[in-house]
């Protein structure tokens, strides 16, 4: 028998453990084109929170009540009924939140481990968060030489990748994170200045002090007051990549209050929402670029690990309590 | 002696007549490269309101206290000390809010009237508002065939130009205006559906009813609740041209509250602030395109006229009370 976490009620505001239930599931027998995978690593991500709402206008269908959740995962093939896949192969797929899964081979990607790089990097800097950081920074926000980049949620999976990719490109990086230990950690990643948004004082004053010449790019993982501070300090023709707004996801029916939105007109700012799946067709470009940086030791994979399938909801809830440095993962 | 309106105090919130004073001014004698112009038409525009604030971060220097205001104007050359300009010539320039002005010839544009087109069109559909509508719609928002366009402030100078340009291109146009008579007028301009934002009910419900398949482009002249409704109804990859936010200009220190900002991520919306002066180098392209449409009778110049220099502040204040249909002008 396999086991999978089910969504048993939709959260109102902040999710809690009662929204989830671990249940046994029966795995059907393997059909043509399928593989049976034993999961080794599960990914939990902020985007999963809005999927728990019943929002028909999202880019991705809502999770269904009473059914298993899904999400990124890495596993080992136990049994294969698909050409190109053999027992022992490492694969990445989207049947997470469970210990074992039947996966369509077309929806699984073979992983070729890179020497000295932990395989779980394929769920982080070499996976979705890295791809999101790469295209958000260089494609959506068009970050270029001499730009000053502000990134919020810089201790998160995407934010820490943005810091590293921007510094590897020689940009000036102002980062924001919550709490002293995270700020120290983000500084170690290479950020030129780090704002502790949990410390006394408001974010705008801190950002103005850290970026006296303004910012050219804002990579938004947070929304709310961070976004407002970025609007207030943006230089002419600044570009904002709107990647996520974790500060808003649990705010059921709450409003984002922006004092400086008119600055978007005055300073001719472009704010562009994006999601990583719009860029999957350029995955090879990303993997080659980031793979080279990793091999050269210029950037690295960082993660916070919870142990065991039972801890998956705790790991997920931990995202909203800021418990992770880098990618939040569950090791089975 | 000439006369000019001076800004004598900075408005807090909504401006009133006490912020302005009409004073005599002495015109210096004409120097090399200058022309003396008798103004015939003055333009008053929403963008002048934020210029009255002491905001050093705007794209345009704030008006100075105790000095004459300036703005778009059309006039007749009385005297010329500049090659290419002769008495009797019609010119467009930026020394408005006064009856007579010494103008640098380099900052004046000769106007060649088009048959059957009133000259004041050069302050409206053939001037700044038309240029703003044209580039905002087709360049910033990249409006294209089969798009559904939502435009707020559709009875204003820019909004009414957007409605006409979008319809001339065959797009579906949902427009918003305040009050029955304006809505009737905007419908006459060609809009497929018009929302009366002053009528009972909220803007979002009205927009959802008018655009059941969502919107692809939003041309924002208003901000606030209109912007939020546009976010809530935007289709994937929708483009928003942020042209102005008249609902916010008088809201001293007030916040824009957006409930649907996270939709910018979910639907991958691009919001781009712009100002018309970024496009002056492409003025010829605009004038040729719009001139042809006017000559073909496909679009027309529309304005609301106040009479006499003394009425300039009233005309300006009228912008914020919604007193204009089309371009707000003062005829001297």
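Within region A:18-39, the set of residues being within 19 Å of residue A:50 (Cβ to Cβ) and either part of a strand (DSSP E or B) or touching a helix residue (DSSP H, G or I) at 6+ places or on another chain (Cβ under 7 Å) (or both) comprises just one member, A:20. From the set of residues in region A:219-230 that are surrounded by fewer than 24 Cβ atoms within 10 Å (Cβ to Cβ) and at the interface with another protein chain (Cβ under 10 Å from one of its Cβ atoms), which is farthest from residue B:278 (Cα to Cα)? That would be A:224. Right, residue B:324: surrounded by fewer than 23 Cβ atoms within 10 Å (Cβ to Cβ) and either in a loop (DSSP other than H, G, I, E, B) or facing chain A (nearest Cβ under 9 Å) (or both) or not? Here the answer is yes, as residue B:324 does meet what is asked.
The sole residue among B:299, B:275 that is modelled with pLDDT under 95, under 19 Å from the mean Cα position of the chain (by Cα) and closer than 16 Å to residue B:163 by Cα is B:299. Within region A:142-157, if we keep just the residues that are over 17 Å from the mean Cα position of the chain (by Cα) and not in a strand (DSSP E or B), the residue that is farthest from residue A:171 (Cα to Cα) turns out to be A:142. The condition of being crowded, with 24+ Cβ neighbours inside 10 Å and without any contact (Cβ under 8 Å) to a residue 60 or more places away in the chain holds for only one of A:203, A:195, that being A:195.
The condition of being more than 14 Å from chain B (Cβ to nearest Cβ) and part of a helix (DSSP H, G or I) holds for only one of A:306, A:286, that being A:286.
Looking at region A:238-251, which of the residues that are facing chain B (nearest Cβ under 9 Å) and free of Cβ contacts under 8 Å to residues at least 60 places away in the same chain is surrounded by the fewest Cβ atoms within 10 Å (Cβ to Cβ)? That would be A:248. State whether the residues of region B:40-51 include one that is surrounded by fewer than 14 Cβ atoms within 10 Å (Cβ to Cβ) and either touching a strand residue (DSSP E or B) at 6+ places or on another chain (Cβ under 8 Å) or not assigned by TED's automatic domain parsing to the domain that holds residue B:305 (or both). No: zero hits.
Here is the figure for region B:239-261: residues that are at pLDDT 90 or above and closer than 22 Å to residue A:246 by Cα total 4.
Among residues of region A:38-58 that are within 11 Å of chain B (Cβ to nearest Cβ) and modelled with pLDDT of 90 or more, those with a Cβ under 6 angstrom from a residue that is crowded, with 20+ Cβ neighbours inside 10 Å and part of a helix (DSSP H, G or I), sequence gap 6+ or separate chain, pair up as A:49/A:249. Would a scan of region B:10-32 turn up a residue that is touching a strand residue (DSSP E or B) at 6+ places or on another chain (Cβ under 6 Å) and within 25 Å of residue B:126 (Cβ to Cβ)? Checked region B:10-32: no residue is touching a strand residue (DSSP E or B) at 6+ places or on another chain (Cβ under 6 Å) and within 25 Å of residue B:126 (Cβ to Cβ). Taken together, A:117, A:151, A:140, A:162 contain a single residue that is surrounded by fewer than 23 Cβ atoms within 10 Å (Cβ to Cβ) and in contact (Cβ under 8 Å) with a residue 40 or more places away in the chain, which is A:117. Can you spot a residue in region B:75-87 that is touching a helix residue (DSSP H, G or I) at 6+ places or on another chain (Cβ under 9 Å), surrounded by 14 or more Cβ atoms within 10 Å (Cβ to Cβ) and within 30 Å of residue A:265 (Cα to Cα)? The answer is no, given that none of the residues of region B:75-87 is touching a helix residue (DSSP H, G or I) at 6+ places or on another chain (Cβ under 9 Å), surrounded by 14 or more Cβ atoms within 10 Å (Cβ to Cβ) and within 30 Å of residue A:265 (Cα to Cα). Just one of the listed residues (B:110, B:131, B:104) is surrounded by fewer than 24 Cβ atoms within 10 Å (Cβ to Cβ), under 23 Å from residue B:277 (Cα atoms) and free of Cβ contacts under 8 Å to residues at least 60 places away in the same chain, and it is B:110. Looking at region B:40-55, which of its residues are in a strand (DSSP E or B) and in contact with a helix residue (DSSP H, G or I) (Cβ under 7 Å, 6 or more places away or on another chain)? Selection gives B:41, B:42, B:43.
Scanning region B:1-17 for residues that are in a strand (DSSP E or B) and free of Cβ contacts under 8 Å to residues at least 40 places away in the same chain yields a total of 0.
In this structure, is residue A:259 within 14 Å of another protein chain (Cβ to nearest Cβ), under 26 Å from residue A:299 (Cα atoms), over 18 Å from the mean Cα position of the chain (by Cα) and in contact (Cβ under 8 Å) with a residue 12 or more places away in the chain? Spelling it out, it is not the case that residue A:259 is within 14 Å of another protein chain (Cβ to nearest Cβ), under 26 Å from residue A:299 (Cα atoms), over 18 Å from the mean Cα position of the chain (by Cα) and in contact (Cβ under 8 Å) with a residue 12 or more places away in the chain.
When you check residue A:96 against the structure, is it assigned by TED's automatic domain parsing to the domain that holds residue A:307, crowded, with 21+ Cβ neighbours inside 10 Å, touching a residue at least 24 places away in the same chain (Cβ under 8 Å) and within 23 Å of the chain's Cα centre (by Cα), yes or no? The answer is yes for residue A:96. Among the residues of region B:165-204, those that are touching a strand residue (DSSP E or B) at 6+ places or on another chain (Cβ under 9 Å) and part of a helix (DSSP H, G or I) comprise B:166, B:167, B:180, B:182, B:183, B:184, B:185, B:186, B:187, B:189, B:203.
Taking region B:290-301 as the range and being surrounded by 15 or more Cβ atoms within 10 Å (Cβ to Cβ) and assigned to a helix (DSSP H, G or I) as the test, the residues that pass are B:290, B:291, B:293, B:294.
The values are calculated or read from the model by the stated rules, or taken from the named source; none is laboratory data. This structure is a prediction, so every number in the text was calculated from the model and none was measured. Neighbour counts are summed over all protein chains in view; Cβ atoms, including those assigned to glycine, are modelled from backbone coordinates with ideal geometry.
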